[in-house]
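Student: This is the structure I want to talk about, given as structure tokens.
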Amino acid sequence: MKLAADSSTIEERLADGLLRVERAFDEQLQSALPAVEELCRHAERYRGKLLRPTLLLLSGMGSAQDAPIIDDRHVVAAATVEMIHMATLVHDDVLDDASIRRRCPTVNALRGNETAVILGDYLISNAFHLCSKVGDASLNLRLGAVTNALCEGELVQLSRRHDLSLDRATYIQIVRRKTAVLVGACCEIGARLSGAPTEVVDACYRVGERLGIAFQIQDDLLDLTGDEATVGKSIGRDLEKGKLTLPTILFLERESSKDRVAVLRAIELRDGAALKSLLLASGAVRGARDFACELVADARKELPHLRQPEVRAVFETLADKVVDRAN
Ligand code: FPP
Ligand code: MG
């Protein structure tokens, strides 16, 4: 089914598209087995801002030559990327020993790690099953490369836990793989399904990749400086699990900093309050935020590649929200 090229606004088309995405998502995950169904319904509560489907649909509408239309392939691809994302969250909460996600207990907290691992597997399997219904092998191929990168990012991150020599380039490499490659692919796929030329498809990927890195930097800042009630998920997990994030890396880059010993001690003692106040006072939190804002600015520079000016405007607002958010 195609949404009629009528006079509805981009926001209305997007809202309608997201409803169709939610429907496709829920239909795919229906199970006659109560043990499975109950877990899927629980995991669906992790569905939040639908950032990835939103980017895919906006990119698809923005790069259309004629009317900005969302077709069924966009909808299925958008439901697929959200399901991939959900699978990674279920597994990530096992790795991080997290107990809260989107204000709900995590699957691992509720049912233990074994169930969470298999539910994550079930979600990733369903994501590729759903995607196959588009009948476009290149879509499966592309998303397979994305999930490979996601796992690589996590494996590199695991290999560098508790490593105080982790540098900025390696941190960005991890973040690119674990978060930004999927966000970039959302924008790229939306454009490709709309028949956009290669230069537009590539520009869309760059928009998503930059926003994705900025998003993860902000996510890491919230883990350091936010509170659980506002963020809606377990925080302080990066410190607890020995994951160095950008503010700490920026701080440690400055060899001669007088508070270096205090920062190293806060890391050793897993003292989140001390680390937060030292990194805030030193300007390292501000430095990380500035870095993320620059990436958003870089992403915005690519937006003129989108052919639909109305969509560009919606994209610009969304780009700012990637860093201006408290959860
Ligand atoms: C969030 O990190 C984690 C990711 C964006 C990627 C997680 C990927 C995996 C666990 C690999 C499993 C992959 C598949 C294909 C199932 P975070 O802990 O910084 O974010 P958080 O604050 O939301 O917990
Ligand atoms: Mg986590």
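Student: In debye, nearest 20: dipole of the chain around its Cα centre with unit charges on the Cβ of K, R (+) and D, E (-)?
Tutor: Numbers: 43 positive and 49 negative charges, 84 e Å.
For the chain, the charge dipole is close to 400 debye.
Student: Test of understanding: what is the full-extension gain from Phe128 to Asp227, defined as 0.36 nm times their sequence separation minus their Cα-Cα distance?
Tutor: Working: separation 99, 0.36 × 99 = 35.64 nm, distance 3.52 nm.
Between Phe128 and Asp227, full extension yields 32.1 nm more.
Student: What net charge is computed for the residues neighbouring Cys151, neighbours being all others with C-beta under 14 Å from the C-beta of Cys151, Lys and Arg scored +1, Asp and Glu -1?
Tutor: On the way: positive: Arg176, Arg177, Lys178; negative: Asp92, Asp121, Glu152, Glu154.
Taking every Cβ under 14 Å from that of Cys151, the sum is -1.
Student: Only Lys, Arg, Asp and Glu count, each charged at its Cβ (+1, +1, -1, -1), so figure out the dipole size of the stretch 217-271 about its Cα centre, rounded to 20 debye.
Tutor: Computed about the Cα centre, the dipole is about 160 debye.
Student: Which value, in Å³ per residue, describes the convex hull spanned by the Cα atoms of the chain?
Tutor: Taking the convex hull of the Cα positions in the chain, it is 125 Å³ per residue.
Student: Extension gain Ile69-Ala326, at 0.36 nm per residue separation less the Cα-Cα distance, in nm?
Tutor: Gain on stretching Ile69 to Ala326: 89.3 nm.
Student: Using C-alpha positions alone, give me the convex hull volume of the stretch 66-118 per residue in cubic angstrom.
Tutor: Normalising the Cα hull of the stretch 66-118 by residue number yields 95 Å³.
Student: Neighbouring Cβ atoms within 10 Å as the yardstick, rank Val231, Val207, Val21 fewest first.
Tutor: Val231, Val21, Val207
Student: Another question about this same structure. Which whole-Hz couplings ³J(HN,Hα) result when phi for each residue of the stretch 70-81 is put into the Karplus expression 6.51 cos²θ - 1.76 cosθ + 1.60, θ = phi - 60°, listed in order with x for Gly and Pro?
Tutor: Rounded to whole hertz, the list is 9, 9, 4, 5, 4, 5, 5, 4, 5, 5, 5, 5.
Student: Considering amide H positions built from the backbone, and no H for Pro or chain starts, which residues 5 or more places from Ile100, or on another chain, come under 5 Å of its amide H?
Tutor: Sorted by chain and number, the residues that satisfy this are Thr106, Ser234.
Student: I've got another one for you. Mind ranking 47-60, 180-193 by how tightly packed they are, going by the mean number of other C-beta atoms within 10 angstrom, highest first?
Tutor: 180-193, 47-60
Student: Let me ask another. For the stretch 1-108, what does the alpha-carbon gyration tensor say about shape, rounded, prolate or oblate, given a ≥ b ≥ c as the root eigenvalues, a/c under 1.5 as rounded, and a/b over b/c as prolate?
Tutor: Prolate, because a/c is 1.5 or more and a/b exceeds b/c.
Student: Can you list the residues of the stretch 311-327 with backbone N under 19 Å from a point 7 Å past the Cα of Asp290, pointing along Cα to Cβ?
Tutor: In the stretch 311-327, the label zone of Asp290 (backbone N under 19 Å from the point 7 Å along Cα→Cβ) covers 323-324.
Student: Using the per-residue mean of other Cβ atoms lying within 10 Å as a proxy for protection, in what order, highest first, do the peptides 257-266, 142-151 fall? Mind dumping the intermediate values first?
Tutor: Values: 257-266: 14.9, 142-151: 16.4.
The most tightly packed comes first, giving 142-151, 257-266.
Student: In nm, to one decimal, how far is the Arg260 label point from the Glu114 one, both placed 7 Å along Cα→Cβ?
Tutor: It works out to 4.8 nm between the two label points.
Student: Let me ask something else. Can you grab the distance from the C-alpha centre of the stretch 285-327 to the C-alpha centre of the stretch 34-97, Å, no decimals?
Tutor: 20
Student: While we're here: Would you list His91, His42 from fewest to most Cβ contacts within 10 Å?
Tutor: His42, His91
Student: Between His162 and Ala281, what is the spin-label point distance in nm, taking each point 7 Å from the Cα along the Cα→C-beta axis?
Tutor: Label-label distance for His162 and Ala281, simple model: 2.8 nm.
Student: For the residue pair Glu44 and Ser99, what label-to-label distance in nm results when each label sits 7 Å from Cα along the Cα-to-beta-carbon direction?
Tutor: Using points 7 Å along Cα→Cβ, the separation is 2.8 nm.
Student: Less than 30 Å apart at the alpha-carbon level, and either on another chain or at least 8 residues along: which lysines does that give for Lys276?
Tutor: Within reach: Lys49, Lys178, Lys233, Lys241, Lys243, Lys258, Lys321.
Student: Sticking with this one: What's the extension gain from Glu11 to Glu37 if we count 0.36 nm per residue and subtract their Cα-Cα distance? It would help to have the intermediate numbers written out before the result.
Tutor: Values: separation 26, 0.36 × 26 = 9.36 nm, distance 3.21 nm.
This chain segment gains 6.1 nm when fully extended.
Student: Using a 10 Å cut-off around each Cβ, can you sort Glu44, Glu154 from fewest to most neighbouring Cβ atoms?
Tutor: Neighbour counts put them in this order, fewest first: Glu44, Glu154.
Student: Size of the dipole of the stretch 92-185 about the Cα centre, Lys and Arg at +1 and Asp and Glu at -1 on the beta carbon, nothing else charged, in debye to 20?
Tutor: For the stretch 92-185, the charge dipole is close to 300 debye.
Student: Count neighbours as other Cβ atoms within 10 Å of each site's Cβ, and list the GluC sites (Glu not before Pro) in the stretch 197-306 that are DSSP loop with at most 12 such neighbours. Could the numbers behind the result be given before it?
Tutor: Numbers: sites: Glu199, Glu209, Glu228, Glu240, Glu253, Glu255, Glu268, Glu294, Glu302; in loops: Glu255.
Within the stretch 197-306, the qualifying GluC sites (Glu not before Pro) (loop, at most 12 other Cβ atoms within 10 Å) are Glu255.
Read-outs: derived from the displayed coordinates by stated rules, not from any lab. As the structure is a computational prediction, the values presented were derived from the model and not from experiment. Virtual Cβ from ideal backbone geometry, glycine too; neighbours counted across all protein chains shown.
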